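Participant: Dropping the structure in here first, questions after.
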Amino acid sequence: MAAALITGATGGLGRALTFEHVRHGGNVILVARHDAKLQALSAELRRVAPGQQVESVVVDFTAANAAQQVFAAVQALGWPVDYLINNAGFGGGGAFVTRSAARDLAMVQVNATVPTALLKLFLPGMVARGHGLVLNAAWFPGPEQATYFATKAYLASLGNALWYELKPLGIGVTTLLPGPIETGFAQAGQLTRTRQVIVGMAWWMCWAAQCYSVLIQGKGRGVKHGVA
Ligand SMILES: NC(=O)c1ccc[n+]([C@@H]2O[C@H](COP(=O)([O-])OP(=O)(O)OC[C@H]3O[C@@H](n4cnc5c(N)ncnc54)[C@H](OP(=O)(O)O)[C@@H]3O)[C@@H](O)[C@H]2O)c1
């Protein structure tokens, strides 16, 4: 049965992807910061899908060796990872010049550095096995969250290049660009008072260009089940 490594599995999107994968008969390795939330989710999954294997790894992605901790835990399990879902992330609004550097650099670490390190660690195994799927949770550009949107643009760009490089090797790479979804995201990033106001032709052109690029690149690439 296909195994998915899902980061940020305890949050809104990660949880939905986890249930979807399990519903299609897959096994899951759940990754997040808080053990209690992971344990609760694991228990729920075992109840609804007793035939599936569920493991969890507690790692705070702000730790310097976070990706290596995840990789070591998966190696100890001995499971090949078929799907890598780079979903963990957080946002935070405010002017770039006044936001704390520590907070923004932690955001870069969680949203961009660790997903990149996980790709570096897990892709060689997928390439050796000749199959695998990657899903990176990105987002469209926007104002007032400069660092957050930049980390998401980085993932989108990385995903586009990896899709091209890895397709001949049997690996599918998908970039997830959802609209705003009500999850724990706004609370975690202190964005609950944010209204979405989209002005100007430039933004719409940028949005349309991104959609076009994703659609064109997505043509013919298949996420077979569960994760898209
Ligand atoms: N919600 C939206 O509108 C939206 C739109 C576009 C893209 N996205 C992207 O989708 C992804 C999931 O977002 P969501 O809406 O599901 O957010 P969420 O409900 O806040 O969930 C975030 C998840 O990431 C984990 N996480 C946060 N900081 C972490 C850290 N330092 N180390 C390890 N794990 C950490 C959380 O784990 P703990 O529970 O243990 O803290 C949680 O499982 C994010 O990358 C986000 O940028 C969201």
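Participant: Given (1) crowded, with 23+ Cβ neighbours inside 10 Å; (2) assigned to a helix (DSSP H, G or I); (3) out of contact with any helix residue (DSSP H, G or I) (no Cβ under 6 Å at 6 or more places or on another chain), identify the lone condition not met by residue 111.
Facilitator: Looking at each condition in turn, residue 111 falls short on (3).
Participant: Any idea which of 132, 125, 159 is touching an Asp or Glu at 6+ places or on another chain (Cβ under 8 Å) and in contact (Cβ under 8 Å) with a residue 12 or more places away in the chain?
Facilitator: The match here is 132.
Participant: Quick check on residue 73: is it under 19 Å from the mean Cα position of the chain (by Cα), surrounded by fewer than 20 Cβ atoms within 10 Å (Cβ to Cβ) and assigned to a loop (DSSP other than H, G, I, E, B)?
Facilitator: no
Participant: If you go through the range 29-41 one residue at a time, how many are surrounded by 16 or more Cβ atoms within 10 Å (Cβ to Cβ) and within 13 Å of the ligand (Cβ to nearest atom)?
Facilitator: Count: 7.
Participant: Could you tell me which residue of the range 188-201 is modelled with the highest pLDDT, considering only residues that are surrounded by 10 or more Cβ atoms within 10 Å (Cβ to Cβ) and more than 7 Å from the ligand (Cβ to nearest atom)?
Facilitator: 189
Participant: Shifting gears a bit: Scan the range 85-101 and tell me whether some residue there is within 18 Å of the chain's Cα centre (by Cα) and not in a loop (DSSP other than H, G, I, E, B).
Facilitator: Scanning the range 85-101, I find at least one residue that is within 18 Å of the chain's Cα centre (by Cα) and not in a loop (DSSP other than H, G, I, E, B), so the answer is yes.
Participant: Return yes when residue 52 is more than 10 Å from the ligand (Cβ to nearest atom), surrounded by fewer than 15 Cβ atoms within 10 Å (Cβ to Cβ), of a type in the set (S, T, N, Q) and modelled with pLDDT of 95 or more and no when it is not.
Facilitator: Taking the combined requirement at face value, the residue does not satisfy it.
Participant: Can I ask one more? Tally up the residues in the range 3-21 that are over 22 Å from residue 63 (Cα atoms) and either in contact (Cβ under 8 Å) with a residue 60 or more places away in the chain or among the small types (Gly, Ala, Ser) (or both), please.
Facilitator: Total meeting the criteria: 8.
Participant: Which one of the conditions (1) at pLDDT 95 or above; (2) more than 16 Å from the ligand (Cβ to nearest atom); (3) among the small types (Gly, Ala, Ser) does residue 2 fail to meet, given that it meets all the rest?
Facilitator: Condition (1) is where residue 2 drops out.
Residues checked against (1) surrounded by 20 or more Cβ atoms within 10 Å (Cβ to Cβ); (2) within 16 Å of the ligand (Cβ to nearest atom); (3) in a strand (DSSP E or B):
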residue	(1), (2), (3)
126	yes, no, no
142	no, yes, no
151	yes, yes, no
159	yes, yes, no
165	no, no, no
172	yes, no, yes
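Participant: Please go through the range 42-64 and give me each residue that is of a type outside the set (A, V, I, L, M), over 26 Å from residue 129 (Cα atoms) and either in contact with a Lys or Arg (Cβ under 8 Å, 6 or more places away or on another chain) or assigned to a loop (DSSP other than H, G, I, E, B) (or both), ordered by number.
Facilitator: Hits for the range 42-64 are 50, 60, 61, 62.
Participant: Among the candidates 47, 23, 15, which residue alone is crowded, with 21+ Cβ neighbours inside 10 Å, basic (Lys, Arg) and over 15 Å from residue 73 (Cβ atoms)?
Facilitator: 15
The values are calculated or read from the model by the stated rules, or taken from the named source; none is laboratory data. For clarity, every value in this text was computed on a predicted model and none was experimentally measured. So basically every Cβ, Gly included, is an ideal-geometry build from the backbone, and we count neighbours across all protein chains shown.
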